[in-house]
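Q: Take a look at this one; I'll ask things after.
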Amino acid sequence: MQKKLLVSFVAIIFIAIGISIGSFWIRGYQFIDMQSQESHLTQAQLIGDIFSKEPFASTIDFHDFVEEYSEKYRVRITIIDKSGEVLADSSTSGHLENHKDRDEIIGALKGEHVTVNRYSQTMKKNYSYSAVPVSNGSFNGVLRVSLPLSALSKFDNELFKATIYAIIICFLIATFAALVFTNILLKPIDEVTKAAVRISEGNYKTKIYTREKNQIGRLAGAFNTMTTNLKETIDSLTQRNIELEAMLTSMTGGVVAIDDSNEILFFNKAFCDIVRPVSNKMQGQSLYNILRNAAIFDAIDEVRKTNTNVTMEGMLLSDTNKNIRVTATPLGREDKKWFGVLLIIEDVTQIKKLERMRSDFVSNVTHELKTPLTSIRGFIDTLKNGAIKDEKVAAKFIDIIDIEAERLYGLIQDILLLSEIESKKDYDTQPVDINQCALEVIDLLEPKLNGKVEITFEPQPKLRPFICNPGRMKQLLINLLDNAIKYTEEGRVSLTCQEETDRLIIKVKDTGIGMEKEHLSRIFERFYRVDKGRARKQGGTGLGLSIVKHIVELYNGTIYVDSQLGQGTEFVIQLPYISENES
């Protein structure tokens, strides 16, 4: 019944709308066409009046006139004499056929003002031609103004589209109005039935509105109360789920909950990042199928035995082996019946690495301090036992003690310097002339050259000053050049400083002993030595290149090293230029 009534209303309204809009379209098109013709004719009369008042020396000047006013009014202008010959046309400079048989020309030669729409053989498109009789001196003829009908056609198309849109909108409004009207006419029980169906589908925002006071009205009231209570409950649960999901997502540790069968109940993104499963669709799958790790499953078994929190550590084998810390917690309800286990898996690889680095650093510092101290104590004991009476031996021992003390002092200074650089605090920054700084460093290291090693450096005349701490820059160059000199028994050490695309490029290249590829990734570590015996013999602390790397990082730069065993080593540093304000 509702469908039949709705179709009838829509059909009647659609027919009425169609008739009304069709009538409007026909009358509107006729009106626009008439207004267009009147406008074109008025324009032709205006240009004709101007033509009649122009002082022409001959008909040759007609061409200048039509060109000028065609461009001014954006129309095509044609001047035709009484015999139908075209004397001037703004659209072409070529010869045109006789226009005597054209309708607008015939009418204009009779003294009439005529507008005709037709196809132009010359321009190959539809035009509106408006012709008026004109005279100027001895000339009597016709001035014709023509405009393409494309603009009018475009307007007609827009009007047609607007009409179609209006029909569609009116049809939609009419359909909606008919639907509302038919709904009002139907029995209230139909509304109750539909509302009940929507509620059963989960749409708890549905309300039943009825004026009935009988059983249907009471049923509608009960439905409304039920939907309100359900909506409040579901909104509360949804909000709690959103909050829980936000907390789980923001956690850096992986979180996964499993039931008594080890099937996954939920997990967060960090768990996927740590475990890197084949698929993220893990809910409902067994945790044993996702990963197999002794620490994780030992923690699960321990929790189920003791019903207490358990923390274990282990190694997660993958593309990149990770150290993990697993914290397992029993999941249960208020009645203390456990139904699963909550796991928090943390990637502690970096923490373990830092702990190893700290332990190695303490061990290395202890060893490096112990070695010179042991030597100093040994020579002091020797001197105490009588060697001090032998002046030559005593002088030799004192020199050795002085060397070891100097080495100890240098080591302590390097450790303090490294600690200061790592704090990222840089004071006394100023524009530094890199050329001058390099020359000063070379002069400082000149005494270390044994005559078999040569340092080459060509200052760049237009090298822009670099904003930094002068002491830091000198320390960087000293450590690099000193390192190159130590490992070059005979040959050349070259230093290059240049600017490339807002970056300061520093290159230190030597022709020394070089090193194997396996050492390149570790030479910037503290106390790492490629040749430990040679380094200690040369008096190095093992911190020089580590200091260089930290200075480069202090100024947001990068350092690269390339080396060939037996051929030499090259260090390349790139430091970005910054302004004084940024520094």
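The values are calculated or read from the model by the stated rules, or taken from the named source; none is laboratory data. The structure presented is a predicted model; accordingly, all values stated were derived computationally and were not measured. So basically every Cβ, Gly included, is an ideal-geometry build from the backbone, and we count neighbours across all protein chains shown. To get the accessible areas, we keep the full protein, side chains included, count just its heavy atoms, and leave off ligands, DNA and RNA. Shrake-Rupley method; radii C 1.70, N 1.55, O 1.52, S 1.80 Å.
Q: If you average 1/r over all unlike Cα pairs in the range 434-485 and invert the result, what Kirkwood radius do you get in angstrom?
A: Its Kirkwood hydrodynamic radius stands at 11.8 Å.
Q: Using alpha carbons only, what's the Rg to Rh ratio of the range 195-282 with Rh from Kirkwood?
A: 1.26
Q: Here's a follow-up. So how much slack lies between Phe160 and Lys82, counting 0.36 nm per residue of separation and subtracting their Cα-Cα distance, in nm?
A: That works out to 23.9 nm of additional length.
Q: Which of the pairs Lys474/Lys509; Lys462/Lys507; Lys452/Lys507; Lys53/Lys82; Lys53/Lys124 have their Cα atoms more than 23 Å apart in this structure?
A: Distance filter (> 23 Å) returns Lys53/Lys124.
Q: Let me ask something else. For the range 248-347, report the accessible area per residue in Å² (1.4 Å probe, heavy atoms, rounded to an integer).
A: Ligands and nucleic acids excluded, the result is 58 Å² per residue.
Q: Per residue, how much accessible surface does the range 427-576 expose to a 1.4 Å probe? Answer in Å², no decimals.
A: The answer is 50 Å² per residue.
Q: Another question about this same structure. I'd like the accessible area for Leu480, computed on protein heavy atoms only with a 1.4 Å probe and all protein chains in place. Round to 10 Å², please.
A: Counting only protein heavy atoms, the figure is 0 Å².
Q: Evaluate E = 1/(1 + (r/R0)^6) for Ser23 and Ser91, where r is the Cβ-Cβ distance and R0 equals 41 Å; express this FRET efficiency to the nearest 0.05.
A: The formula returns an efficiency of 0.60 here.
Q: What's the extension gain from Glu516 to Glu553 if we count 0.36 nm per residue and subtract their Cα-Cα distance?
A: Numbers: separation 37, 0.36 × 37 = 13.32 nm, distance 2.49 nm.
My answer for the length gained is 10.8 nm.
Q: Give, as a single signed number, the net charge of other residues whose beta carbon lies under 12 Å from the beta carbon of Asn140, with Lys and Arg counted +1 and Asp and Glu -1.
A: Working: positive: Lys82; negative: Asp81.
Net charge in that neighbourhood comes out at 0.
Q: So for each of 567-575, 376-384 I average, over its residues, the number of other beta carbons within 10 Å; can you give me the resulting order with the highest mean first?
A: Descending packing order for the listed peptides: 567-575, 376-384.
Q: Tell me the accessible surface of Val197 in square angstrom (1.4 angstrom probe, heavy atoms of protein chains only), to the nearest ten.
A: About 70 Å², ignoring ligands and nucleic acids.
Q: For His550, tell me the accessible area in Å² from a 1.4 Å probe, rounded to the nearest 10.
A: 40
Q: Okay, moving on. If I take all pairs of Cα atoms in the range 265-327, what percentage of them are more than 18 Å from each other?
A: When all Cα pairs of the range 265-327 are counted, 40 percent exceed 18 Å.
Q: Something else now. Net charge near Ser90, counting Lys/Arg +1 and Asp/Glu -1 over other residues with Cβ under 12 Å of its Cβ?
A: Charge balance in the 12 Å sphere: -1.
Q: Shifting gears a bit: Leaving out ligands, DNA and RNA, and with a 1.4 Å probe, what % of the accessible surface on the range 427-576 is carbon or sulfur?
A: 45
Q: Quick check: residue separation of Asp235 and Glu67 times 0.36 nm, minus the Cα distance between them. What number comes out in nm?
A: Full extension from Asp235 to Glu67 adds 52.9 nm.
Q: Averaged per residue, what accessible surface does the range 34-132 expose to a 1.4 Å probe, in Å²?
A: Per-residue value: 56 Å².
Q: For labels at Ile380 and Asp103 in the simple 7 Å Cα→Cβ model, what's the distance in nm?
A: If labels sit at Ile380 and Asp103, their model points lie 12.6 nm apart.
Q: Sorted from largest down, give the three principal axis spans of the alpha carbons of the range 427-576, whole angstrom values.
A: Taking the Cα atoms of the range 427-576, the three principal extents are 40, 31, 26 Å.
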